[in-house]
Each structure stands twice: as C-alpha cells, then as structure tokens.
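Let me give you the structure first, and then I'll get to my questions.
Where a number appears in this text, it was derived from the coordinates with a stated rule and is not lab data. Just so we're clear, the structure is a prediction, and the values are computed from it rather than from any experiment. Backbone-built Cβ (ideal geometry, glycine too); neighbour counts: all protein chains shown.
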Amino acid sequence: MTAVRLREITVRYERILALERMDLTLDRGQALGIVGPNGSGKSTLLKTIAGLVTPESGILEVFGVLPNALEPGTIAYVPQVEAVDWSFPADVYDVVAMGRFPRMGLLARFPKRDRAAVDRALDALRLGDLRHRHISQLSGGQQQRAFVARAIAQDPRLLLLDEPTTGVDAATEEALRELVRGLVAQGLPVLMTTHDLDRAVDWFDRLMVLDRRVLAIGDPGEVLASGAYAAIREHAHTHGHAR
C-alpha cells in the first residue's frame, strides 16, 4: 500500500525555490533515506508531507488524502533538535506524553493505555532514568531521543525524522537504527533525512539524493555507487556533512 505520493510538487518560500517538480512514493513497511547538501530541500520535503508547508503546485497524498485531512496523530514529525524552543517548562516524561495528546479529547484524562504507551517509548529510547529531568538539562543527543520517543508514543502511521542522529553517540545511533528497523518491520513507513552517508545501507530500504529535484533514488547500494552520490559525498567532505 502506498503511504505517500508526490507528483510534480513545487514549493517556494516567497521567491526562493525549495522543491521543484518533485516525484516520490513511499510504501508501508519501507524506510526511505534522504541525503543532500545544505539548502537542498530535505527539511522542506518533510514539512510538506507533514502538512506544515503548502506546495505551490502538484499532487500530495498521504494515505490517499491531503495530510491535513488525516486523523490527528497519524503523522509523527521529529524536527532537528536545533529547531526546537527549549524554554518551555517540561520534563522528559511530559515531552513524551505530548505524543498522546493528538489522540485524546481536550478534557480527557490520561488513561492507563496512554501511560503505558509513554512508558514503552521511554524504555525504547532508554530514557527511563531521565523521565523527571527537565528537557533543557539534557544533552543534544538525549533531547533528540526524547523527541523520537514522543513520536513513537504517538503511535503514528507515518514517521518523519529530520537528522535524528545528529549529536548522538555511536551507541545511541545504533539504538535508533534498531528502533527504526523494528518499526519498519512492523509495517510503519519511515522517511528520514541524514548526513551519515556511510551507513545508509544499514538504515534504509531505498535512498534518495535530493537537491531541490530528485537526482537519484533506488536501492541504497546502487545510489551509493552513482555519480549523484559521489557529488554529494565530495560536497560533504569539502563543506562538512550534507544536511
């Protein structure tokens, strides 16, 4: 079943062209990685699929409808840590619990099944010991794990991750990879931007090279061997990681 379908999608920020006539499909039970240089439109693509950015033209469907027509909680979007405002007063448990709110009424109590979902997400991201720590007191990697846990607690049908391994140590990165692969094995479609070009084969079923347009997409091994990937890799080595 197709989870996401884009046809001829163009996105602009005023006069700045962010995505140009882009085509993309993502099926259930599939992880698609996105690599590209700074300003290539990777974050814009995720925001567009999440319904946070409106395309100028083209067709966008998530489970057959526009993103904003879906039931709240259907799409979980995890932005980059640096894009988050850390001034709000919340501990780790509160942040993860926010993932359950879209599926609850405004005046609903927090029932046992929701508490259980939060506990499972905290355990999955190894945050149980930090549940009462204020979110602003965490390291960058711990904050990233907290926001991934919030997304998992949401029990989404589509997961969008914007560079979730930035600032995390090798053990945390591997835990995130195992979590994503486990969710994909259960049928969850995952779309993820990354700067870790060397581990793409381990993370993804398909890989896409993006620079406002799709430069290459397909089997990770084949994309890694392509000229498009070689150009991105050279850019990453020259200017730092691709984002």
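Residues of the stretch 200-220 with the amide nitrogen closer than 13 Å to a label point 7 Å from the Cα of R7, along Cα-to-Cβ, please.
none
Another one. For the chain, give me the percentage of DSSP beta bridges that are antiparallel, rounded to the nearest 5 percent.
Counting DSSP beta bridges with both partners in the chain, the antiparallel share is about 55 percent.
I would also like to ask the following. So what does the Cα-only Debye profile of the stretch 145-198 read at q = 0.14, 0.24, 0.31 Å⁻¹, as log10 I(q)/I(0), no solvent term?
These q points yield log10 I(q)/I(0) values of -0.34, -1.04, -1.56.
When the helices in the chain are scored as -39500 (n - 2.57) per DSSP H run of 4 or longer and the sum is shared across all residues, what 222 nm value do you end up with, to the nearest 500 deg cm²/dmol?
-9500 deg cm²/dmol
Starting at the first residue of the stretch 206-223, write each ³J(HN,Hα) from the Karplus equation 6.51 cos²θ - 1.76 cosθ + 1.60 with θ = phi - 60°, in whole Hz, x for Gly and Pro.
Once rounded to whole Hz, the list reads 9, 10, 10, 9, 10, 8, 6, 10, 7, 8, 7, 7, x, 4, x, x, 5, 5.
Along Cα→Cβ, 7 Å out, is where each label goes; now give me the distance between the ones at Q137 and R15 in nm to one decimal.
4.9
Mind checking which of A121, A18, A151 has the largest fluctuation in a GNM of the chain, springs on alpha carbons under 10 Å?
Between A121, A18, A151, it is A18 that shows the largest mean-square fluctuation.
If I model a spin label as a point 7 Å beyond the Cα along the Cα-Cβ vector, how far apart are those points for F88 and D129 in nm?
2.8
Go ahead and run the numbers for FRET between N38 and V201, Cβ-Cβ distance against an R0 of 22 Å, rounding to 0.05.
According to the calculation, E is roughly 0.40.
Also, I was wondering about something else. Pick out which of A175, A146, A200 has the largest mean-square fluctuation in a Gaussian network model of the chain, springs linking Cα atoms closer than 10 Å.
A175
Over the stretch 15-87, what is the relative contact order in whole percent, taking alpha-carbon pairs under 8 Å and six or more residues apart?
Relative contact order, the stretch 15-87: 23 percent.
May I pose another question? With bins 5 Å wide starting at 0, give me the P(r) of the stretch 119-234 over every alpha carbon pair, in whole percents.
Percent of Cα pairs in each bin: 2, 10, 21, 22, 17, 13, 8, 5, 2, 0.
List, largest first, the extents of the alpha carbons of the chain along their principal axes, each in whole Å.
51, 38, 36
Using only alpha carbon pairs under 8 Å that are at least six residues apart, calculate the relative contact order of the stretch 1-148 and give it in whole percent.
RCO, the stretch 1-148: 21 percent.
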